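The values are calculated or read from the model by the stated rules, or taken from the named source; none is laboratory data. In this text the structure is predicted, and so the values were computed from the model without any measurement. Cβ coordinates were reconstructed from backbone atoms using ideal geometry, including for glycine residues, and neighbour counts include every protein chain displayed.
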Amino acid sequence: MDRDRPEAQRRLDRILRGLDAAYPGAGCTLRHGSALELLVATILSAQCTDERVNRVTEELFRKYRRPEDYVRVPAEELEADIRSTGFYRNKARNLRGACRTMLESFGGAVPDTMEQLLQLPGVARKTANVVLGVAFGKAEGVVVDTHVSRVARRLGLSGAPSAEGIERDLMAALPRERWISFSHQVIVHGRELCRARRPLCGRCPLEPDCRSEEKTI
């Protein structure tokens, strides 16, 4: 019976049911047509909105179709093409480095393991988890961005100070089959309701189970 389960587990179950009800179709909002395009878009999304990235990649993906295209183009030209995403010099360097590594070590393909993805310049666990989960359907971890970090802390699912610690806590708490969908749902939730400034707690389906001291009701 449900009442025989520990309260912490019952509370987590209620949170997951609330997310399912509120965001049943949540998914990756970075537009892409291949694992390479998803990798590029995710690298560009650092410190940038998905909306802006999608505007940039609409033209970018017509011009750059293979890893070779990113490697062969002059750095200055690639920088100009992605300039509006911010930190464009560093991002261009990472894109070129990642594509070069794919060509040299992985036959020009985007690797499909965490260990191999982390060998690509500009790829840390967050980016690797996005690519693995969305492009390959592999749940190797939980995507932890600023939205997931904020919501996880407010819900009391993690008190860790770093993204790595939050990911470990979420991986321990969540069923593995929820690792991918949970991140998608929480990212939407963080954008729409659980905002950094003045969260819309009165409209939040998770409010009864929220432990945040930042509630606005």
Return the total of residues in region 11-66 being closer than 16 Å to Ile82 by Cβ and outside any helix (DSSP H, G or I). 10
Anything in region 158-180 that is more than 16 Å from the chain's Cα centre (by Cα) and assigned to a loop (DSSP other than H, G, I, E, B)? List them, or say none. Ser158, Gly159, Ala160, Pro161, Leu174, Pro175
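If you check Arg153 against the conditions, is it surrounded by fewer than 21 Cβ atoms within 10 Å (Cβ to Cβ), under 14 Å from the mean Cα position of the chain (by Cα), part of a helix (DSSP H, G or I) and not assigned by TED's automatic domain parsing to the domain that holds Leu117? Full working, then the answer.
Details: surrounded by fewer than 21 Cβ atoms within 10 Å (Cβ to Cβ): yes; under 14 Å from the mean Cα position of the chain (by Cα): no; part of a helix (DSSP H, G or I): yes; not assigned by TED's automatic domain parsing to the domain that holds Leu117: yes.
So Arg153 fails the test.
What number of residues in region 93-131 are of a type in the set (Asp, Glu) and part of a loop (DSSP other than H, G, I, E, B)? Before the answer, list the steps.
Within region 93-131, the subset of a type in the set (Asp, Glu) is 104, 112, 115.
Subset that is part of a loop (DSSP other than H, G, I, E, B): 112.
Matching residues across region 93-131 total 1.
Looking for something over 30 Å from Cys99 (Cα atoms) and free of Cβ contacts under 8 Å to residues at least 60 places away in the same chain - is there at least one such residue anywhere in region 22-35?
Within region 22-35, the subset over 30 Å from Cys99 (Cα atoms) is 22-25.
Add one more test, that the residue is free of Cβ contacts under 8 Å to residues at least 60 places away in the same chain, and what stays is 24-25.
The answer is yes, given that some residue of region 22-35 is over 30 Å from Cys99 (Cα atoms) and free of Cβ contacts under 8 Å to residues at least 60 places away in the same chain.
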Contact list please: Cβ distance under 7 Å, first residue in region 74-87 and farther than 17 Å from Cys99 by Cβ, second residue of a type in the set (Gly, Ala, Ser), pairs at least six apart or on different chains. Phe87/Ala46
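With respect to Glu177, is the statement that it is over 26 Å from Pro111 (Cβ atoms), surrounded by fewer than 17 Cβ atoms within 10 Å (Cβ to Cβ), of a type in the set (Asp, Glu) and not assigned by TED's automatic domain parsing to the domain that holds Ser45 true? Even if it seems obvious, please write down each step before you answer.
On the way: over 26 Å from Pro111 (Cβ atoms): no; surrounded by fewer than 17 Cβ atoms within 10 Å (Cβ to Cβ): yes; of a type in the set (Asp, Glu): yes; not assigned by TED's automatic domain parsing to the domain that holds Ser45: yes.
For Glu177, the condition - over 26 Å from Pro111 (Cβ atoms), surrounded by fewer than 17 Cβ atoms within 10 Å (Cβ to Cβ), of a type in the set (Asp, Glu) and not assigned by TED's automatic domain parsing to the domain that holds Ser45 - is not met.
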Does Thr29 count as within 30 Å of Trp179 (Cβ to Cβ) and in contact with a Lys or Arg (Cβ under 8 Å, 6 or more places away or on another chain)? no
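Just to be sure, is Asp169 of a type in the set (Asp, Glu) and out of contact with any Phe, Trp or Tyr (no Cβ under 9 Å at 6 or more places or on another chain)?
Numbers: of a type in the set (Asp, Glu): yes; out of contact with any Phe, Trp or Tyr (no Cβ under 9 Å at 6 or more places or on another chain): yes.
Against the criterion (of a type in the set (Asp, Glu) and out of contact with any Phe, Trp or Tyr (no Cβ under 9 Å at 6 or more places or on another chain)), Asp169 qualifies.
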Criterion first (surrounded by fewer than 17 Cβ atoms within 10 Å (Cβ to Cβ) and hydrophobic (A, V, I, L, M, F, W, C)) does Leu120 satisfy it? no
Residues in region 80-87: is at least one closer than 30 Å to Ser181 by Cα, small (Gly, Ala, Ser), at pLDDT below 95 and surrounded by fewer than 19 Cβ atoms within 10 Å (Cβ to Cβ)? no
Could you list all residues from region 54-79 that are among the aliphatic types (A, V, I, L, M) and in contact with a Phe, Trp or Tyr (Cβ under 8 Å, 6 or more places away or on another chain)? Val73, Leu78
